Amino acid sequence: MIGVDRSTQVANSGPDALIFAIAGLGLKKGARVGVTSMTFIASASAIALNGFRPVFVDVDPETMLWRTDQVLELVRKGAVDALVAVHLYGQMLDLEEIAREAGERGIPIIEDAAQAIGSTRNGKSPGAHGAATCLSFDPTKVIGACGSGGALVTDRDDIARTARLLRHPCLVRIPGRAQVLEERDARRVP
Ligand SMILES: Cc1ncc(COP(=O)(O)O)c(C=O)c1O
């Protein structure tokens, strides 16, 4: 269902998964992160909550997905340091060319697959191109938990470790977030 076979880290929600995944990229302060201008707010606010700057991309009126040509232009111009690629309404983005060009320039991609669990494009699932892929198990989603839920899947050890640290709120400070002390936070992070 998801094209990553390594590490799955649970989160309280889709937005938490996005915040953790973006934090795990280790971007510099003020980094610019390309994201579609048509999505649930968390795709962009997770960038801002990490202290980074969302760079909004126009959408194709047919699909309401981001315009590949604009993303490629940003990548080629060096106008973004990372990308959040949002698969929307069960539609997969075409990420082949973007991933190739971004990869050549060391620009990582986080896939927001909150609305795309089970989707495929050219035989590939979400996760085929991203450094990490974020899922939501909100009751409104394809697979719904009771109340809320999320996860990120990644084959990068640094992102997996950041997610393990951040989901225990007192172990690491998350920019822009209140830190709450709970009993479970005392547990050691593996
Ligand atoms: C594309 C996208 N990303 C992230 C989220 C946030 O996930 P959650 O429903 O767990 O808050 C949503 C929720 O609608 C979404 O549609």
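Return the residues of region 75-121 that are buried (at least 16 other Cβ atoms within 10 Å of the Cβ), among the small types (Gly, Ala, Ser) and under 24 Å from Asn12 (Cβ atoms); say none if nothing qualifies.
Ala82, Ala85, Ala113, Ala114, Ala116, Ser119
Could you list, ordered by first residue, the pairs with Cβ atoms under 6 Å in which the first is in region 124-142 and farther than 19 Å from Asp155 by Cα and touching a residue at least 60 places away in the same chain (Cβ under 8 Å) and the second is among the polar types (S, T, N, Q) and surrounded by fewer than 24 Cβ atoms within 10 Å (Cβ to Cβ), at least 6 apart or interchain?
From residues that are farther than 19 Å from Asp155 by Cα and touching a residue at least 60 places away in the same chain (Cβ under 8 Å), the pairs are Asp138/Ser148.
Taking the options Arg76, Arg121, name whichever one is within 19 Å of Val35 (Cα to Cα) and out of contact with any Ser or Thr (no Cβ under 7 Å at 6 or more places or on another chain). Walk me through how you get there before you give the answer.
Details: Arg121 fails: within 19 Å of Val35 (Cα to Cα).
Residue meeting the stated conditions: Arg76.
Kindly check whether there is at least one residue in region 54-63 that is within 12 Å of Ile110 (Cβ to Cβ) and in contact (Cβ under 8 Å) with a residue 24 or more places away in the chain.
Taking region 54-63 first, the residues within 12 Å of Ile110 (Cβ to Cβ) are none.
Among the residues of region 54-63, not one is within 12 Å of Ile110 (Cβ to Cβ) and in contact (Cβ under 8 Å) with a residue 24 or more places away in the chain, which makes the answer no.
For Gly24, work out the one condition from (1) surrounded by 16 or more Cβ atoms within 10 Å (Cβ to Cβ); (2) at pLDDT 95 or above it doesn't fulfil.
Of the numbered conditions (1) surrounded by 16 or more Cβ atoms within 10 Å (Cβ to Cβ); (2) at pLDDT 95 or above, the odd one out for Gly24 is (2).
Can you name the helices (runs of 4 or more DSSP H) wholly within region 1-113 that have at least 1 residues being among the charged types (D, E, K, R) and more than 13 Å from the ligand (Cβ to nearest atom)? Spell out the reasoning first.
Numbers: elements: 14-23, 42-49, 68-77, 96-104.
Per the criteria, 68-77, 96-104.
From the residues in region 126-156 that are in a loop (DSSP other than H, G, I, E, B) and away from the ligand (no atom under 16 Å from the Cβ), which one is surrounded by the fewest Cβ atoms within 10 Å (Cβ to Cβ)?
It comes out as Asp155.
The values are calculated or read from the model by the stated rules, or taken from the named source; none is laboratory data. Bear in mind that the values here come from a model prediction, so they are computed numbers and not experimental data. Every residue, glycine among them, receives a Cβ derived from its backbone with ideal geometry; neighbour counts consider all protein chains shown.
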